[in-house]
Structures are given as structure tokens and as C-alpha cells.
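Engineer: First, the structure itself, so that you have it in front of you.
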Amino acid sequence: MAYHEIIVAGFGGQGVMSIGTTMAETAMAQGLNVSWLPSYGPEMRGGTANCNVVIADTEIISPIVLEPSELIAMNQPSLDKFEPAVKPGGLILVNESIVERKVQRDDVRAIYVPSLEIASELGNMRVANMAMLGAYIEATKYLTFETVVDMLRNIFTGKKAHLVELNEVALQRGADCVRR
Amino acid sequence: MAKELWKGNEAIAEAAIRAGCRCYFGYPITPQSEIPEYMSLHMPKAGGVFLQSESEIAAINMVYGASGAGARVMTSSSSPGVSLKQEGISYMCGAELPGVIVNVMRGGPGLGTIQPAQGDYFQATRGGGNGDYRLIVFAPANIQEVVDLMQEAFELADQYRMPVMMLLDGMIGQMMEPIEWKKPPVSPDDLPAKPWATTGTKEGRAPNIINSLFIDPEACNVHNQRLEEKYRRVIENEQRYETNDTDGAEVIFVAYGTPARLARAAAGLLEKEGIKAGVFRPVTVWPYPYEALHEVAIQDSVKVVVTVEMSTGQMVDDVRIGVNGVKPVSFIGQAGGVIPTPREVANAALKALGR
Amino acid sequence: MAIVYQRSKGLTDVETHYCPGCTHGIIHRLVAETLEELDILGKTIGVAPVGCSVFAYDYFNCDMQEAAHGRAPAVATGIKRVLPDKVVFTYQGDGDLAAIGTGEITHAAMRGENITTIFVNNAIYGMTGGQMAPTTLVGQRATTAPLGREKSHAGSPIRIAELLATLDGAAYIERVTVTSPANVMRAKRAIRKAFELQLEGRGFTMIEVLSTCPTNWGLTPVKALEWLNENMIPVFPLGVYKDITKEEA
């Protein structure tokens, strides 16, 4: 039984919500059950933002994630806030471009992704969150890159079609951080 | 049919349009503003009316006028805004006008907080406006159920000529889940005629009058008794509920909306500790499924009934009515946007069991 | 024998509850005649207020809705948006329109809602027994202003016609009265023009009618008419405050 409880957290504007919705859409396309729950309110407007994503091959009972099996920390306050809550044996993905410290727990797996450097090299800062997503997919191995890319093809059409390849490369560069 | 990922607030708006609703009046308030936002774009596309009103009071009175003119109509708001609508809701009940009111509840009292809560239960089920009246109140717990119930909400409103409330908490409004559109869309052209509506006499019939004033006490009493007879029919025919693992359970959790999901998670925790727990979930909180709850509670296996709410305890009154003293009833809840955790809920059950 | 005067087809055969000498009856008749003359009785929906004219739904011979206090413009908005080809009017008093319902009337006018409002201003709350209205004159006695309205305490009367005329959505705003045959004729023309503009889809129209309340003013019907002419008209001058057709010309 697969039951993934994920928290994606960071500053507003870092693409936190869209990492979550992309995961949820991908999982749904793969026939899994999903829920996506955002923090809402003033947090949406420039402060910290997070979303809870639950992905399972069984019925999803509660959409609220209190003890994540996986945490994607896009900034330091998010790591500080949620690191203690991660389940033992869980995964923490750290956006090492702006998080200045390492994961302190030794009972979780930590992966560091220089998302801003990757985005900078690719010439588009907006794909930093896709690098984080790529690392997540590679580290957890239940969502497939093919499904994500299929979805990107549906989102980016016409004049935006060239963005599919850019995003695909960003995903792979993120995945490389897991493989290294 | 393929599943689609929908946000609760947008799903409820789309479900209304698919239910043949072509008229929406409302005022923005968090956490339900995605409903008017969605309506402002999609209602005109469907050939319908969207209007952002100057207040919640105006919105509900626009609903009154439109409903009296025969339209399938809705409004939506969140707790403080729904307080403002109470006047119009009372008048709609008095004038026997159908319509759907969505309340995406947040914490109160007063301005409270924008985070999810369930503090409007009394207001929804006991009537926040003046006079003897009732609303049919649906309390869905997931987005599929939200969209499934929306068409029924409009149908029951028309059938009984009374407002129906969709009582959600902010969590259900804000979250996304995959859904299927199970029922085919309803065309407004196929809806049953409303011969009572004020659409102009064409000088071919006596004037229709939409009214809640019965100045003569005898007439007003007759009107009230007639409404009461209607509400009795609703009680007989429209109770909805769901049970999960209640057969032979030691602990029965009773919860509606999001807390019902937390209660199921808590039941899972108790099961690991060797305690069989089930969840009784009212889907209509008015009419309340008292007898069904009683049947569950009266089982020999049941030791305690634990009510779970995102409030300081409102529905628990109905649980006590339903259980009617056959088993002890206890309560666990948090308010103001704080959500009880499954562990807290499980511990409340353990405490009630004396462990 | 030739019939020279009879009940308008726009009124039902119901005896009204209005006090002797009250001008609501005249104003009802002017509205009813207009609906009859324009041949729109069968496509008109009226909205009655809370106040003395609360039973207007029993008197007009067309479809009617009874609104909550002050909300008639919102109810009328709901009706008109659903039935844009029908004629919709509200009939409201000063407490209904100028106190509790100020928000609703202002925003209906702001939106240019294509409805007609008949605003009956008699400077007093009639139905509830002579309490102070927002249009009560300074110094005028009311049961909640027993020594007369005091400006320093309760402010000065609100001039709705002038106020709404500042809004772009208003197509036609006129203040009239019914204290003499000539004034009645003028009022009739104003009401007719308002409905005609609605039929042309020109936007919000309102006719404010200065009216008497002999009962609560404590005057005979004739004295009440004189009191209106002498005291109300200087504060609420008669005339056209907004005319979209003139602005275009």
C-alpha cells in the first residue's frame, strides 16, 4: 500500500502551490487517489505558503498532513517549522540555494537541490520549482516523468510549446541531484 | 468518465451551473471568493446572470426577487456574510421560495478568523433568522459529494419550495480532489414550470403575489401550520447519513464534514490499539438522522458515542437527542480554525472509555 | 350615460387601508393608470415595501412581490435580471428607501438597474405611528422627536432625488407632489416618463412624490396639503434632477 503524505512549503511566489497541484494531477493521471489542501489567507500574499498533498492507492481518509512522509522545504523557515514533524524514515528535499543549514535529523533521508542555480543555468528562474519536483519524483519513484511531461504538453501549447522542453530539462536536472 | 482535479469552491460553482442554475448573486468573502470569481466568468458563458451585489443583504434579496421570478438561483458566502443573509433566508422561507445558499464556514464569532470551522451549526439548523422555519442543510465531507449533492439541493428546493443550504467548512472549499461528473447537466429549459412565479399576468390570470406577510393572526397561524406540515414531510423523506464500520463497534464517532474524515483517521488509530471504532456521519444536518443514529448507538457493542466538531460543541445537542440516553455521549472539538488531530480524537475516545 | 371616471384597470377591486386624506391613494392611481395606458399591466412586476404601503401587493392589478424592509431595489434587481423584458417597479416610503434601504437604492441607481422606483416621501413614519423619518424636517415633531427634530442631534433631512441624481446610472429623477390638480397632472407625466424610459431600456428612474400624512402630522387633510406646500417644498424643491434625454440633446 502506498500512502504518501507530503508538505510543500516556502515563500509565496516560489511555485509551492503549483508543485503540489502538479503532483496531484500527475498522480491522478496515474490512477492514484489524491487530495491537495493549501494554506490560505494572508499567507498567500507574499508570506510563507504551504500545501498538503496526499497520494495513495487506497482511499484517502484525511487531507490534512500532520506528519509528512515527505517534505519539500523551499526556504529556511519551512525547514525549521516542518523538519521535526517528518515521519522517521521519511524524506526531506531542501532547496539548498537559499536554505543555509543542513537537515539536523539522522533518521530521515535528506536531499539537497540547488534549484536557483539550475534555473539560472537554464535561463528561466520560474523553473526552479520544477527542479525540486524532478528530485522528488526521482527520490520516491512512484510518479513518472513521462506523465508529468504529457501534462506539460497539455498546459504549454501554441506559442508556449517551447516551455515543455525547458521544464523537462529542469525536471531532469533536479533528478540528477538525487542520482549523484 | 475521466476524473478531473477540482478545487471545492470552483466545483460547487460549476456543479450549480450543471444543475441548471442560471442566476448567482453574491459578495466576496474569504474563504469562498472563488465561487463568485468562477461564476463571474462561467455564468455569463452559460447564458446566465452573475451580479456582485453591494452587500450580503442585497445579495439574498436579489435571490428572493429572482426566485420569485421563477429562476433557479443561488448565493454563497462565509460565516459573517451568512449572518447578514439571515433576514432574506427567513423571508424566503415565509414566502416559500426555493434557492440554494452555500456557507463555506470560517471561525467566529464576529470577524473570527478565515480558517475553517463549524461554528454556524446552530444558525444553519435552528434558523438564524426570525420565525418558525427550517432549511434543508447538506453537509458534504468531500468534493465528489459536494458536486453530487448540488443538483439534489436545487431539486429539493424546487420540490418543497424552500431554501436549501450547503454547509461546508473552509477546508472543503479550499482543497482539491479528483471528481467525476456523474449526472448529465440539466438544461434550465427542462425544469418543471413554476406557475406561482411572478412573470407577468399577460392579463390572462389573477396576479401572483410573493409574500410572507399574514397580518391576521389566524391566517398567520394557518400559514405556519402549513409550513410545519411541509417540514414534517421533509423530515420523513430527506434524511441522509453514512456509516463506516459502525457494526459491532465499541466506539461510535459522530461527525459531519471535515471532522468526519478526522474521525475515520482516529478510528484507524484505535483499531491498531485493539479497539473497534466506527463513524456515523450525518449528510443532512437538518433533517437530522436521529433514528438512524439511535439504531447505531443502541447496539450492545457500543460503549461510548464521541462527537467530533470544529466548534466548541453544537451538533452534540442533536447527538444527545438521537442517542436519547441509551449510551454516554462525549465531545471533542476545537474552534477558531484549529482542527482537532486524529490523535486528539482517538484520545478523547480512550478517555470516554475510561482507559 | 357616459362614464367619465372609474377605477383604473391597474388597480384591484380591493378597498385600501389608507387613512382618510392620505395621498397614497392618488399616487397608486397614477401608477395604475400609467401601467394601463402603456398597456404593460400584463408584463409588469411590482415590489411592495414595508411601511404604510406594505399592502400595495393587494392593490396593484399585476404580479407583485413583497420585499423585506428597504430591500425592494435588490428584489427588483433580482426580478429584472431574470426577466429583462418585463417592467419592474418598486413602491417605497421614506423609512424604507431613505433609511434602512439607502444602500439598496443607491446601488440599484449606480448600476443603472433598468427599473422604476416610486418614492413616497411624507417626512414621517406612518405605519409604526409617527416616528421620525430621515426626511423629517428640522423642528418637525415626531413620536421619537417629541420636541421636534434637532439638527445637532439627528441631522438634517436627506434629499434623495438630489443624491441619486449624482449617479451616472440614473436616467431620470424628478421630484413631484400631488397637492393640487396641476401637481397631480405633473406627477402623472413624470411617472409616465419614468416607465417609458424603462421600456426603452435607459436605466434607473425614480419619481419622488411629496406626500401627506394627516394622521401623524395631526392635521386635517386640507391643512396637511397646505403644510406640505409651505414647509416641505422649500426643503425638497420640486423639479427634474436628472434627465438623460436632455443631456443627450
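Engineer: Quick check: the angle from helix B:217-237's long axis to the longest principal axis of chain B, C-alpha only, nearest 10 degrees?
Structural biologist: That works out to roughly 50 degrees.
Engineer: Using θ = phi - 60° and the Karplus relation 6.51 cos²θ - 1.76 cosθ + 1.60, list the HN-Hα couplings for the stretch B:201-216 in order, rounded to whole Hz, with x at every Gly or Pro.
Structural biologist: With the stated coefficients, the stretch B:201-216 comes to 7, 6, 6, x, 8, 5, x, 8, 10, 9, 7, 10, 9, 10, 5, 7 Hz.
Engineer: Take the Cα coordinates of the protein assembly as shown, assign each an equal point scatterer, and use the Debye formula without solvent to give log10 I(q)/I(0) at q = 0.05, 0.10 Å⁻¹.
Structural biologist: So the normalised log intensities work out to -0.34, -1.02.
Engineer: If you fit an axis through the alpha-carbon atoms of helix B:79-95 and take the longest principal axis of the Cα set of chain B, what angle between them do you get, 0 to 90°, nearest 10?
Structural biologist: Orientation of helix B:79-95: about 60 degrees from the principal axis.
Engineer: Right, another one. Give the span of the stretch A:3-179's Cα atoms along each principal axis, as three whole-Å numbers ordered largest to smallest.
Structural biologist: 43, 38, 37
Engineer: Looking at the stretch A:3-179 only, what percent of DSSP beta bridges run antiparallel? Nearest 5 please.
Structural biologist: 55
Engineer: Which ³J(HN,Hα) values in Hz, rounded to whole numbers, follow from the phi angles of the stretch B:166-173 under the Karplus curve 6.51 cos²θ - 1.76 cosθ + 1.60, where θ = phi - 60° and Gly and Pro get x?
Structural biologist: Values, residue by residue: 9, 9, 10, 10, x, 4, 5, x Hz.
Engineer: Please work out the Kirkwood hydrodynamic radius for the stretch B:165-304, using every pair of different C-alpha atoms, and report it in angstroms with one decimal place. Let's see the in-between values first.
Structural biologist: On the way: mean 1/r = 0.0508 Å⁻¹.
Kirkwood radius, the stretch B:165-304: 19.7 Å.
Engineer: Right, here's the next one. Full-extension gain between C:THR16 and C:VAL235, please, as 0.36 nm times their residue separation minus the C-alpha to C-alpha distance.
Structural biologist: Working: separation 219, 0.36 × 219 = 78.84 nm, distance 3.00 nm.
Contour length minus the Cα-Cα distance gives 75.8 nm.
Engineer: Distance in nm between label sites at B:ASN324 and C:GLU247, each 7 Å beyond Cα in the beta-carbon direction?
Structural biologist: In this crude spin-label approximation the distance works out to 6.7 nm.
Engineer: Restricting to the stretch B:241-352, compute how many DSSP beta bridges are antiparallel as a %, nearest 5. It would help to have the intermediate numbers written out before the result.
Structural biologist: On the way: 4 of 17 bridges.
Percent antiparallel among DSSP bridges in the stretch B:241-352 is about 25.
Engineer: If you filter the stretch A:61-131 for trypsin sites (Lys or Arg not before Pro), then keep DSSP loop positions with at most 16 other Cβ within 10 Å, what is left? Mind showing how you got there, number by number?
Structural biologist: Values: sites: A:LYS81, A:ARG101, A:LYS102, A:ARG105, A:ARG109, A:ARG126; in loops: A:ARG101, A:LYS102, A:ARG105.
Sites meeting the loop and neighbour criteria: A:ARG101, A:LYS102, A:ARG105.
Engineer: Now a separate question. Taking the alpha-carbon centroid of each part, what is the distance from the stretch C:95-120 to the stretch B:85-141 in angstrom?
Structural biologist: When both Cα centres are located, 27 Å separates them.
Engineer: Right, next: Give me the log10 of I(q) over I(0) for chain C at q = 0.10, 0.12 Å⁻¹, as the Debye formula computes it from C-alpha points; what are the numbers?
Structural biologist: Cα-only, vacuum Debye calculation for chain C: -0.43, -0.63.
Engineer: Mind sorting B:TRP196, B:TRP286 by how few other Cβ atoms lie within 10 Å of their own Cβ, fewest first? Provide the component values of the computation, followed by the final result.
Structural biologist: On the way: B:TRP196 14, B:TRP286 24.
If I rank by nearby Cβ atoms, fewest first, I get B:TRP196, B:TRP286.
Engineer: Please report the relative contact order for the stretch C:24-248, taking Cα pairs under 8 Å with a sequence separation of at least 6, and give it as a percent rounded to a whole number.
Structural biologist: Details: 459 pairs, mean separation 42.1, N = 225.
Answer for the stretch C:24-248 is 19 percent.
Engineer: May I pose another question? If packing is taken as the mean number of other Cβ atoms within 10 Å per residue, what is the order of C:104-116, C:131-143, C:176-188, highest first? If you can, show how the numbers build up before the last one.
Structural biologist: Details: C:104-116: 23.8, C:131-143: 19.8, C:176-188: 18.2.
By packing density, highest mean first, the sequence is C:104-116, C:131-143, C:176-188.
Engineer: Place a point 7 Å from the Cα of C:ASP85 along the Cα-to-Cβ direction; which residues of the stretch C:32-69 have their backbone N under 14 Å from it?
Structural biologist: Once the point is set 7 Å along Cα→Cβ of C:ASP85, C:43-44 turn out to lie under 14 Å by backbone N, inside the stretch C:32-69.
Engineer: Let me ask you something else. Within the stretch C:6-69, list the GluC sites (Glu not before Pro) lying in a DSSP loop whose Cβ has at most 10 other Cβ atoms in a 10 Å radius.
Structural biologist: Details: sites: C:GLU15, C:GLU33, C:GLU36, C:GLU37, C:GLU66; in loops: C:GLU15.
Those satisfying the criteria are C:GLU15.
Engineer: Sort chain B into rounded, prolate or oblate with this rule: let a ≥ b ≥ c be the square roots of the eigenvalues of the Cα gyration tensor; rounded if a/c is under 1.5, and if a/c is not under 1.5, prolate when a/b is larger than b/c, oblate otherwise.
Structural biologist: Details: a/c = 2.01, a/b = 1.57, b/c = 1.28.
Prolate.
Engineer: Now for a separate question. Given a Förster radius of 35 Å and the C-beta distance between A:GLN30 and A:LYS102 as r, what FRET efficiency does 1/(1 + (r/R0)^6) yield to the nearest 0.05?
Structural biologist: Details: r = 33 Å, r/R0 = 0.93.
My answer for the efficiency is 0.60.
Engineer: Using the crude model of +1 on Lys and Arg Cβ and -1 on Asp and Glu Cβ, and no other charge, please compute the dipole size for the protein assembly as shown relative to its Cα centre, in debye to 20. Please list the in-between numbers first.
Structural biologist: Values: 70 positive and 88 negative charges, 206 e Å.
About 1000 debye.
Engineer: Based on the Cα coordinates of the stretch B:241-352, what is the per residue volume of their convex hull in Å³? It would help to have the intermediate numbers written out before the result.
Structural biologist: Values: hull volume 9.2 nm³, N = 112.
Value for the stretch B:241-352: 82 Å³ per residue.
Engineer: If you don't mind, another one. Hey, how much of the P(r) for the stretch B:119-174 falls beyond 16 Å, as a percent of Cα pairs?
Structural biologist: On the way: 706 of 1540 pairs.
Above the 16 Å cut-off, the stretch B:119-174 has 46 percent of its Cα pairs.
Engineer: Let me ask you something else. Using the structure shown, list the pairs from A:LYS87/B:LYS351; B:LYS45/C:LYS86; B:LYS194/B:LYS230; B:LYS202/C:LYS80; B:LYS194/C:LYS86 with a Cα-Cα distance above 20 Å, or answer none.
Structural biologist: Numbers: A:LYS87/B:LYS351 26 Å; B:LYS45/C:LYS86 23 Å; B:LYS194/B:LYS230 18 Å; B:LYS202/C:LYS80 16 Å; B:LYS194/C:LYS86 17 Å.
Pairs exceeding 20 Å: A:LYS87/B:LYS351; B:LYS45/C:LYS86.
Engineer: Determine the percent antiparallel among the DSSP beta bridges restricted to the protein assembly as shown, to the nearest 5. Provide the component values of the computation, followed by the final result.
Structural biologist: Details: 34 of 109 bridges.
Of all bridge pairs located within the protein assembly as shown, approximately 30 percent are antiparallel.
Engineer: If you filter the stretch A:86-180 for chymotrypsin sites (Phe, Trp or Tyr not before Pro), then keep DSSP loop positions with at most 14 other Cβ within 10 Å, what is left?
Structural biologist: On the way: sites: A:TYR112, A:TYR136, A:TYR142, A:PHE145, A:PHE156; in loops: A:TYR142, A:PHE156.
Loop-located and lightly packed - A:TYR142.
Engineer: Something else about it: Please turn the phi angles of the stretch C:180-194 into ³J(HN,Hα) values with the Karplus equation 6.51 cos²θ - 1.76 cosθ + 1.60 (θ = phi - 60°), one per residue in order, whole Hz, x for glycine and proline.
Structural biologist: For the stretch C:180-194, the Karplus curve yields 8, x, 5, 5, 4, 4, 5, 4, 4, 4, 5, 4, 4, 4, 4 Hz.
Engineer: Projected onto the charge dipole of the stretch B:241-352 (+1 at Lys/Arg Cβ, -1 at Asp/Glu Cβ, origin at the Cα centre), which of B:THR341, B:TRP286, B:ALA266 gives the Cα projection farthest towards the positive end?
Structural biologist: After comparing all options, I get B:THR341.
Engineer: Helix-only mean residue ellipticity at 222 nm, the protein assembly as shown, DSSP H runs n ≥ 4 weighted -39,500 (n - 2.57), per residue, nearest 500. What is it?
Structural biologist: On the way: 27 runs with 293 residues, N = 784.
Helices in the protein assembly as shown give a 222 nm mean residue ellipticity of -11500 deg cm²/dmol.
Every number in this text was worked out from the coordinates using simple rules, so none of it is lab data. Predicted model, so just to flag it, every value in this text is computed and none were measured. No Cβ is skipped: glycine too gets one built from the backbone with ideal geometry, and neighbour counts run over all protein chains shown.
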